[in-house]
Amino acid sequence: KTAIMIHGTGVLDSVSVSTSYLGVEVDGSATIDDLTCSAIDFECVLVSGSAVLDGLDADVVASGVVSSGDLDATNIEIENAGTGITISGGSGDYSNINIVDANTAIHVRGVTTATVDDVSVSETNLALDAGDSDGFVLSNVSADISRAIRGEGLNTLTVKDSSFNGSRDGTSMVDVNSEGTFTMSNVALKNASTALDLRGSGTHILTSLD
């Protein structure tokens, strides 16, 4: 079922996992360098404890990275995925991420202090699904995508220093129903049928949009 389970403390370096239900599961603590996953039915990396991940190449996976714990991740390549990265609460810093051919690039739920920075997204249906989330920060995204952000019932969300290039397919590029504060700053929304559809009882703060 699971190729590698880490309950205590583990170190993985240059490990490849293929044709498995789940790649690496961490409910203890782990340092993972240069992990390769292919043909994974569920998660390539699943973290409920704490982990540092530097270097991931995941191809043909249901989910590239799923975390409800504390995860710092960098140098991430995910292709042919249902969901690239899922953050369900917890914390961590994610950077230098490339997601190609996914249904959803980043999926966020719950209260989190996680930040995701320096992201490239292409051939993907939705860049960010942040419904029912609180505290997430996304920055420095470059995405060729018509559906950039969906946030139904979110509390707080910040998106900044990013560019989304759509295809005028009749959908709203940003569709947010906020109960708290939704902030966008220094963001370009190009080739949108509808750039912004903002609803809810919360506050929407828009600064330096193009």
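The values are calculated or read from the model by the stated rules, or taken from the named source; none is laboratory data. As the structure is a prediction and not an experimental result, all values here were calculated from the model. These area figures cover heavy atoms from the full protein model, side chains too; ligands, DNA and RNA do not enter into them. Shrake-Rupley method; radii C 1.70, N 1.55, O 1.52, S 1.80 Å.
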ask   = For the range 134-179, what number results from the quotient of the Cα radius of gyration and 2.2 N^0.38 Å?
value = 1.18
note = In Å², rounded to a whole number, the accessible area per residue of the chain with probe 1.4 Å is 40
note = Volume per residue (Å³) of the convex hull spanned by the alpha carbons of the range 138-207 is 63
task = Could you calculate the contour length gain from residue 199 to residue 158, that is, 0.36 nm times the residue separation minus the distance between their Cα atoms, to one decimal place in nm?
result = 13.2 nm
query = What per residue convex hull volume, in Å³, comes out for the range 1-57 when only alpha-carbon positions are used?
reply = 57
message = How much of the pair distance distribution for the range 1-109 lies past 20 Å, counting alpha-carbon pairs only, in percent?
response = 26
message = In whole percent, and with a 1.4 Å probe on the protein chains, what portion of the accessible area of the chain is carbon and sulfur?
response = 43
request  = Name the long-range amide H neighbours of residue 188: under 5 Å, sequence gap of 5 or more, or other chain; modelled H, no Pro or chain starts.
outcome  = 162, 163, 164, 210
message = Let me see the P(r) profile for the chain: every Cα-Cα distance counted, bins of 5 Å, each bin given as a percent of all pairs.
response = 2, 8, 16, 20, 20, 14, 9, 6, 3, 1, 0
